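Here's the structure, in structure tokens; my notes come after.
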Amino acid sequence: MSFCVAIDGPAAAGKGTIARAVAARFGFAHLDTGLLYRAVGRRMLGGEDPVVAARGLMAADLEGDDLRGPDVAQAASKVAVIPDVRAALVDFQRAFAARSGGAVLDGRDIGTVICPDAAVKLFVTASPEVRAERRFAELQSGGHDIDYDSVLAQVRERDARDADRATAPMLAAVDALVLDTSKMSAEAAIAAAIAQVVAAQKG
């Protein structure tokens, strides 16, 4: 029987870190669903129609360091508002979530749209300023020439686009545990997430 952990939240809130830690702790498979949209965005930047790209997405498309760049991130957010792109990627995500042995999926609409019956739902968030600081440090360490104010503007722009889109907007599921990591250590957030999974397994 499948056991799904759905982790949602905005960019740079820490959901990926938590998802990877939970997957490792329980031996679950992990899918960063944002990579699907980044891969489609990268193909769009290469001149391909985003809907065609989404329908023809391959596992190999999820590889490559350039998927983490700011240009691809912005492209990912733009293609994510296209209903036909989202529809093309839903089956991929649901099949992953249903695999035996358990799965952790992190994204924007996992607990609300992809896996509304997930055993555990988390919504990981933090203030835009804190998330911009994290993303700025990440981009700088990756050699990207960008300033903090630009990163903060991109974070706010992406938040608005993700929250306001007509199809599957980013929001916390009503039964999700909300973790605000603005002043929470990664260790504390991971511990809280693991405790939720343990409680769900016992229940």
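Computed from the coordinates by the stated procedures, all read-outs in this text should not be read as laboratory data. Predicted, not measured: the structure shown is a model, and the values here were computed from it. Because the Cβ atoms are built from the backbone with ideal geometry, glycine has one as well, and the counts that use them run over all protein chains shown.
A few comments on the model shown:
- Remark on the range 1-69: Rg and Dmax equal 13.9, 41 Å (Cα only).
- Amide hydrogen proximity for Leu179: with H placed 1.01 Å from N in the peptide plane, the residues at 5 or more positions away or on another chain lying under 5 Å are Phe123, Val124, Thr125.
- The 3J(HN,Hα) values that the Karplus relation (6.51, -1.76, 1.60; θ = phi - 60°) gives for the range 167-172 are, in residue order, 9, 6, x, 6, 7, 6 Hz. Gly and Pro appear as x.
- With only the Cα atoms considered, the range 96-155 has a convex hull volume of 117 Å³ per residue.
- Most mobile listed residue (Gly64, Gly34, Gly102) in the chain, GNM with C-alpha springs under 10 Å: Gly64
- Considering only Ala118, Ala137, Ala75, the Gaussian network model of the chain with Cα springs below 10 Å gives its largest mean-square fluctuation to Ala137.
- Between Ala160 and Asp71, the simple label model (points 7 Å from Cα in the Cβ direction) yields a spacing of 2.4 nm.
- Normalised by the number of residues in the chain, the average gap of Cα pairs under 8 Å and 6 or more apart makes the relative contact order 34 percent.
- Built amide H within the under 5 Å cut-off of Val104, gap 5+: Val5, Ala29, His30, Leu31
- Treating each Cα of the chain as an identical point scatterer and summing with the Debye formula, the log10 of I(q)/I(0) at q = 0.15, 0.18 Å⁻¹ comes to -0.92, -1.34.
- Estimated 222 nm signal from helices in the chain, with DSSP H stretches of n ≥ 4 weighted -39500 (n - 2.57), rounded to 500: -16000 deg cm²/dmol
- Couplings 3J(HN,Hα) of the range 118-125, computed from phi: 4, 5, 9, 10, 10, 10, 9, 9 Hz, in residue order, whole Hz [Karplus 6.51 cos²θ - 1.76 cosθ + 1.60, θ = phi - 60°; x for Gly and Pro].
- Gaussian network model of the chain, springs between alpha carbon atoms under 10 Å - residue of Ala60, Ala24, Ala119 with greatest fluctuation: Ala60
- Amide H within-cut-off set for Ala119, under 5 Å, with H built and near neighbours excluded: Cys4
- Mean separation of Cα contacts under 8 Å, 6 or more apart, over the residue count of the range 132-178: relative contact order %: 25
- Cβ-Cβ FRET estimate between Ala192 and Met58, R0 fixed at 30 Å, reported to 0.05: 0.25
- The phi-based Karplus calculation (6.51 cos²θ - 1.76 cosθ + 1.60; θ = phi - 60°) puts the 3J(HN,Hα) values of the range 182-194 at 4, 10, 9, 6, 4, 4, 5, 5, 5, 4, 5, 5, 4 Hz, whole numbers, x for Gly and Pro.
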